[in-house]
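Please read the structure below before turning to the comments.
Just so it is clear, none of the values below were taken in a lab; they were calculated from the coordinates. These numbers were taken from a predicted model, which means no experiment stands behind them. Here the Cβ positions follow ideal geometry from the backbone for every residue, glycine too, while neighbour counts run over all protein chains shown.
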């Protein structure tokens, strides 16, 4: 039995018909006409793509060597449930996430040993100075908040991160437009030319980080990126001395979806950048698969301060390697209203004065 | 006001330039001829003088009206406009300061983790599909 071939209209997806008068394909719905070869190429390009294939090898982390885990203590926070790890020489008394007292529950066993750690490059004084400078540089922050943020309670914490390497293999079809306009005495003309741009190829990613702790807000961790992996070293317990480490409670398998999302978005953006010379470009379809996807387990350094004010909790974080500082600050509503009123009053007087002088 | 001026001006032009007009037909020669001519048609002189004086008055009135229109300044309207513009500027300033207080943002891409020069395109083609021309009528004011 012969197969019935159908070609879709690139403009409206209607079924195209061969127009014997013009010897081209014509859409009976939107009346657009196309060259036969262009239609064949377009339809071949947009044939139903395979589903995205993103598979990962998530066997990250290692096993503790004999005696290594005995040097580590685990603390449990009864308020927020955080499990904090540190070495036996470091005394941990309060939770870095909610500031509640923490109790030692035992030794670290059964957990994965991190593959890598990026040691702290900036000390506590640098973190306090950065926090102080950050808050003072912002306008409309309540004065009381600036004074009472117990800066000394800032803590250095190693946050568990899953790092993903992958090679993205993508085939993306874009719809591009070029516009040209001109006019004569009677009409304005706009000519729009439509193109189909196909880009297929590979793109490599390494150390895409995903937060492995539910206690650490992933948006905060993403805000203090990027970390430079060149400073990463093989994990040794000695690096934890004087610092706290959060225990991972999000598995690598549960973290891959976030890594997939970021890799997919980056791949589309980078491929779109290669479509040049048009006035606008939009994605028609994308098929992305991952090859050689694998995960690693690492600890990343962060200086954290949790504080609460006026019934709300505020978290400040500084990248312990680069010094990048983030944190949402409250706004002084009264000061904002005063500023608004002052600008409005001065602006009104100035503009009114100018318009009066110009009228004379 | 302007229409009156135009009518009088047109009347003057008509009087002077329409063929057979009594005021022009005789006055083609030298000064003496013109003087004799105007003496003969002196009845028209007062009317002419009146029209010209009206014309002068009208043009002076127009100038003073234009001046007074220019001088007419509405303080209430200017104040309202000044207030609205200043309020918009103030809102922009306050919102931009407020947005600077929030530095925690989700990352949607992983562009910092792309391996340098790892992009390898095996298919890179652009195909022309079709062209569309839209035309809109121009308004002639």
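Taking 30 Å as R0, compute the FRET efficiency from the Cβ-Cβ separation of residue A:214 and residue B:108 and round it to 0.05. Let's see the in-between values first.
Details: r = 21 Å, r/R0 = 0.70.
The calculated FRET efficiency here is 0.90.
Using only Cα atoms, find the angle between the long axis of helix A:252-273 and the longest principal axis of chain A, and express it within 0 to 90 degrees, rounded to the nearest 10.
That works out to roughly 40 degrees.
In nm, to one decimal, how far is the residue A:186 label point from the residue B:98 one, both placed 7 Å along Cα→Cβ?
Simple spin-label model gives 5.3 nm for this pair.
Sequence gap at least 6, Cα distance under 8 Å: using those rules, report the relative contact order of chain A to the nearest whole percent.
Details: 651 pairs, mean separation 87.0, N = 360.
In percent, rounded to a whole number, it is 24.
Kindly provide the pair-distance distribution of the stretch A:148-290 built from C-alpha pairs, with 5 Å bins from 0 and whole-percent values in order of increasing distance.
2, 7, 13, 13, 13, 11, 9, 8, 6, 5, 5, 3, 2, 1, 1, 0, 0
Going by a ≥ b ≥ c, the root eigenvalues of the Cα gyration tensor, does the stretch B:95-141 fall in the rounded group (a/c under 1.5), the prolate group (a/b larger than b/c) or the oblate group? Walk me through the numbers on the way to the answer.
Values: a/c = 5.52, a/b = 1.25, b/c = 4.41.
The shape class here is oblate.
With springs connecting C-alpha atoms under 10 Å apart, model chain A as a Gaussian network and identify which of A:339, A:305, A:122 has the largest mean-square fluctuation.
Looking only at A:339, A:305, A:122, the biggest GNM fluctuation is shown by A:339.
What ranking do A:77, A:98, A:9, A:30 get, fewest neighbouring Cβ atoms within 10 angstrom at the top? The partial results should precede the final answer.
Working: A:77 21, A:98 16, A:9 24, A:30 13.
By the 10 Å Cβ count, ascending: A:30, A:98, A:77, A:9.
Between residue A:40 and residue A:137, 0.36 nm times their residue separation minus their Cα-Cα distance comes to what? Could the numbers behind the result be given before it?
Working: separation 97, 0.36 × 97 = 34.92 nm, distance 6.03 nm.
The span from residue A:40 to residue A:137 would gain 28.9 nm if fully extended.
How high is the FRET efficiency from residue A:313 to residue A:126, r the C-beta distance, R0 25 Å, rounded to 0.05? List each step's numbers first, then the result.
On the way: r = 24 Å, r/R0 = 0.97.
Computed FRET efficiency for residue A:313 and residue A:126 comes out at 0.55.
According to a simple spin-label model (label point 7 Å from Cα along Cα-to-Cβ), what is the distance in nm between residue A:251 and residue A:11?
Output for this residue pair reads 5.3 nm.
Using a 10 Å cut-off around each Cβ, can you sort A:208, A:326, B:93 from fewest to most neighbouring Cβ atoms? Provide the component values of the computation, followed by the final result.
Details: A:208 25, A:326 21, B:93 15.
Arranged by neighbour count, lowest to highest, A:208, A:326, B:93 become B:93, A:326, A:208.
Under the Kirkwood approximation applied to all pairs of distinct alpha-carbon atoms, what is the hydrodynamic radius of chain A in Å?
Working: mean 1/r = 0.0390 Å⁻¹.
Final number for the Kirkwood radius of chain A is 25.7 Å.
To the nearest 10 degrees, how steep is helix A:333-359 against the longest Cα principal axis of chain A, on a 0 to 90 scale?
It works out to around 50 degrees.
Which residues does the label zone of residue A:280 cover in the stretch B:100-141, counting backbone N under 18 Å from a point 7 Å along Cα→Cβ?
Taking a point 7 Å out along Cα→Cβ of residue A:280, the residues of the stretch B:100-141 whose backbone N falls under 18 Å are B:129-136.
Could you give the length gained by full extension between residue A:233 and residue A:63, i.e. 0.36 nm per residue of separation minus their alpha carbon distance, to one decimal place? Display every interim value, and only then the final one.
Working: separation 170, 0.36 × 170 = 61.20 nm, distance 1.66 nm.
So the extension gain works out to 59.5 nm.
What is the order of A:44, B:140, fewest Cβ neighbours within 10 Å to most? Can you show the working numbers first?
On the way: A:44 9, B:140 6.
So the ranking, lowest neighbour count to highest, is B:140, A:44.
Helix A:124-136: angle to the longest alpha-carbon principal axis of chain A, degrees 0 to 90, nearest 10?
Around 60 degrees separate the two axes.
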